[in-house]
Amino acid sequence: MTQTAEPHPNEKKESLRSYVASASPATAGLYIRSRARNLGRYLVEQGAQSLFSWIPGPIGMVARAAAYRPLLAGGSGSPFLEADVELFHMDGIRLGRSVYVDRFARLHASAARIELGAGTRVMRGAYVSSYVSNARAGEGIVTGENCWIGVDTVLSAGQGGIFIGDNVLIAAQSVVVCGNHDFAKVDLATLDQPYYGRPIRIGSNVWIGTHAVILGGVTIGDHAVIAAGGIVNADVEPYAVVGGVPARVLKRLE
Ligand SMILES: CC(C)(COP(=O)(O)OP(=O)(O)OC[C@H]1O[C@@H](n2cnc3c(N)ncnc32)[C@H](O)[C@@H]1OP(=O)(O)O)[C@@H](O)C(=O)NCCC(=O)NCCS
């Protein structure tokens with residue numbers, strides 16, 4: 001790799017890289033706004049989580065439901081939140097009645113909200129994020145009722161949006177990601193090129209097998225099945241079973 005004396009364009013970019021590299025009041029402000037609407041909300045939201053997120057078991061769940069609900073978006077029910085759940089931009093997170101979130105999951109909202117329908121379960125270590133630095137309102141993550149977001153699964157929106165129906169089962173370690181970086185400029189790292197997302201729409205009663213990847217711009221019809229390991233880069237018809245890389249129709253359900 002060649003070295004250059006010119007400053008790299010990264011130095012001007014307001015990115016995670018810049019605020020980690022050079023701490024200053026301005027970069028501290030960027031850090032805070034990536035996690036809450038403003039400093040006041042950051043202190044309240046993270047203060048509440050410092051007090052309550054460590055408490056194990058049912059007592060912790062009751063305490064967190066009482067303490068967090070007023071901080072969540074309007075219309076939230078009482079959620080069941082295990083210990084060590086991380087919530088950022090809590091006022092952009094609406095959790096329907098009896099939503100369950102397991103340990104070490106992170107819900108990270110932004111101007112683009114996260115709305116999980118009643119009875120939805122987010123399993124251990126799942127990463128549900130509508131935070132990107134150029135997030136757009138209305139392009140977050142919305143699920144219907146009784147969905148299942150599996151262990152270590154990633155849902156990533158903020159541009160485009162992920163819109164999921166009812167009773168959708170997403171198995172462990174799957175990735176549903178709206179976004180792409182531009183990558184055509186070879187004098188810039190991909191990380192420093194514009195990021196944009198396209199919507200993903202998933203119907204009701206869909207089963208997404210483990211290690212599947214669903215890419216931006218895709219619509220998956222009701223009752224479709226995505227086989228384990230499938231990479232979906234094109235629309236899937238209702239009742240189709242698809243698999244492979246890229247995913248192709250394996251069979252159709254009656
Ligand atoms: C798709 C799946 C449901 C099997 O469905 P099935 O109706 O029993 O399908 P079959 O095993 O009869 O296979 C039908 C065809 O699909 C292929 N196929 C099955 N699973 C596949 C996969 N994951 N990727 C690619 N092709 C696959 C088979 O090789 C077969 O191809 P062929 O007709 O050329 O021989 C299953 O393979 C699968 O991927 N399950 C997901 C498991 C999972 O993630 N569990 C987590 C619990 S929530």
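Remarks
- The chain: Cα Rg divided by the 2.2 N^0.38 Å rule of thumb: 1.07
- ³J(HN,Hα), Karplus 6.51/-1.76/1.60, whole Hz, each residue of the stretch 86-94, x for Gly, Pro: 10, 10, 10, 6, 4, 6, x, 10, 10
- Length gained when the stretch residue 124-residue 23 is fully extended (0.36 nm per residue, less Cα-Cα span): 33.1 nm
- Annotation: the stretch 183-239 has a Kirkwood hydrodynamic radius of 12.8 angstrom, from the mean reciprocal C-alpha pair distance.
- Residue-averaged 222 nm ellipticity for the chain, from DSSP H runs of 4+ at -39500 (n - 2.57), nearest 500: -5000 deg cm²/dmol
- Model label sites at residue 239 and residue 191, defined 7 Å from Cα along the beta-carbon direction, differ in position by 4.8 nm.
- Taking amide H as placed 1.01 Å from N in the peptide plane, residue 97 has its amide H under 5 Å from the amide H of 77, 118, 119, each at least 5 places away in sequence or on another chain.
- When the alpha carbon gyration tensor of the stretch 121-238 is reduced to an equivalent ellipsoid, the three semi-axes, largest first, read 24, 15, 14 Å.
All of the numbers you see were taken from the coordinates with simple rules; none came from a lab. No experiment lies behind these values; they were computed from the predicted model shown. All Cβ positions, glycine included, derive from the backbone under ideal geometry; neighbour counts span all protein chains shown.
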